[in-house]
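Heads up: the structure comes next, in structure tokens.
The values are calculated or read from the model by the stated rules, or taken from the named source; none is laboratory data. These numbers come from a predicted model, not from an experiment. Neighbour counts run over all protein chains shown; Cβ positions are idealised from the backbone, glycine included. Accessible surface is based on the protein model in full, side chains and every heavy atom, while ligands, DNA and RNA are left aside. Shrake-Rupley method; radii C 1.70, N 1.55, O 1.52, S 1.80 Å.
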Amino acid sequence: MRLAVVGVGPGNLADLTFRAAAYLEQAEVIVGYRTYLEGITPYLEGKEVLPGRMREEMERARAAVRQAQQGKRVVVVSGGDPGVYGMAVPVLQAALQAGEAVEVVPGVTAATAVAAMLGAPLGHDFAVISLSDLLTPWSLILRRLRAAIEADFVLVLYNPSSSRRQDKWRQAVELIQSERPGSTPVGVVWDATRPGSRRTLTTVARLDQEPVDMRALVVVGNSQTTISNGWMITPRGYECR
Ligand code: SAH
């Protein structure tokens, strides 16, 4: 391994895979966004650490490639899974441009970490949508959200809201409320597997009352999803009802 982009899971070392841990141990240089580095401090000792800032992903990826070209073993860390709104794309692009070999090491993504805390809300088909309009036009996000609602997918909403785009979150909630029954179960989890983790079970009708932010993941049920004894469950098919 000379250059790898490694998924470090949702934030708890217990959810780091053995393969990811092995890559971190072997690394000489670790590149990553500060929040994710904080979750893996035991692996940083004795390593050269290059913290990055948000919105500088491509720069960070190129810096990682340059280090690898100098013959160092370089790991770019990404929260959750690196291929899900993570560093795998910029690192692959930078490596391809430079003709450098690269590996992608998967991790536990927020969707499955959060689903486990809620019960089994992803037991049937689900659509994963990021509500961040930083790199995607808002009109396209709404179009995909509308299509997923219409097709009765369970919705998994990454990057649901930030202080900068409260109005967008309100628009998304209004769309969901206009197209799904108000009684549809919704689960929201903040900081899954991290200290201070919190979960709420609510409904589509009450979704606007949740203080949703960038630390949260929102799971909106489909027409078959139920809440029972504090567990959110989407049955695989109609046979179990
Ligand atoms: N690559 C990451 C996702 C990066 S996008 C992954 O695979 O999980 C960042 C968004 O992911 C956050 O805004 C939030 O919606 C979600 N997220 C990441 N970690 C989370 C956690 N521990 N708990 C809840 N949501 C999380």
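Working only within the stretch 153-167, note down all residues that are more than 13 Å from the ligand (Cβ to nearest atom) and surrounded by 17 or more Cβ atoms within 10 Å (Cβ to Cβ). Across the stretch 153-167, the qualifying residues are PHE153, VAL154.
Filter the stretch 68-89 for residues that are over 15 Å from GLU56 (Cα atoms) and within 16 Å of the ligand (Cβ to nearest atom) and give the result. Passing the criteria: VAL75, GLY79, GLY80, ASP81, PRO82, GLY83, VAL84. Would you pick out the residues in the stretch 204-231 that are open to solvent by less than 40 Å² (accessible area, probe 1.4 Å) and not hydrophobic (A, V, I, L, M, F, W, C)? Once the filter is applied, which keeps residues that are open to solvent by less than 40 Å² (accessible area, probe 1.4 Å) and not hydrophobic (A, V, I, L, M, F, W, C), the stretch 204-231 yields GLU210, GLY221, ASN222, GLN224, THR225, GLY230.
Residues that are part of a loop (DSSP other than H, G, I, E, B) and either more than 14 Å from the chain's Cα centre (by Cα) or over 20 Å from THR200 (Cα atoms) (or both) within the stretch 118-132 comprise PRO121, LEU122, GLY123, HIS124, ASP125, SER132, listed in sequence order.
Scanning the stretch 14-34 for residues that are at pLDDT below 95 and open to solvent by 10 Å² or more (accessible area, probe 1.4 Å) yields TYR33, ARG34. Within the stretch 180-201, residues that are more than 16 Å from ARG215 (Cα to Cα) and open to solvent by less than 30 Å² (accessible area, probe 1.4 Å) reach partners that are hydrophobic (A, V, I, L, M, F, W, C) and within 9 Å of the ligand (Cβ to nearest atom) with beta carbons closer than 8 Å, at six or more positions or on different chains, in the pairs VAL186/VAL218.
For the stretch 15-49, how many residues are in contact with a helix residue (DSSP H, G or I) (Cβ under 6 Å, 6 or more places away or on another chain) and aliphatic (A, V, I, L, M)?
Result for the stretch 15-49: 3.
Of the residues making up the stretch 99-117, those that are aliphatic (A, V, I, L, M) and either in a helix (DSSP H, G or I) or surrounded by 17 or more Cβ atoms within 10 Å (Cβ to Cβ) (or both) are VAL102, VAL104, VAL105, VAL108, ALA110, ALA111, ALA113, VAL114, ALA115, ALA116, MET117. Of the numbered criteria (1) crowded, with 18+ Cβ neighbours inside 10 Å; (2) outside the structural domain of GLY221 (by TED's automatic domain parsing); (3) within 16 Å of the ligand (Cβ to nearest atom), the one LEU92 fails is (1). Whenever a residue of the stretch 69-96 is in contact (Cβ under 8 Å) with a residue 40 or more places away in the chain, its partners that are within 8 Å of the ligand (Cβ to nearest atom) and charged (D, E, K, R), lying with C-beta atoms within less than 9 angstrom and at least six residues away or across chains, give the pairs ALA88/ASP81.
Residues that are open to solvent by 60 Å² or more (accessible area, probe 1.4 Å) and modelled with pLDDT of 90 or more within the stretch 35-58 comprise THR41, PRO42, GLU45, GLY46, GLU48, listed in sequence order.
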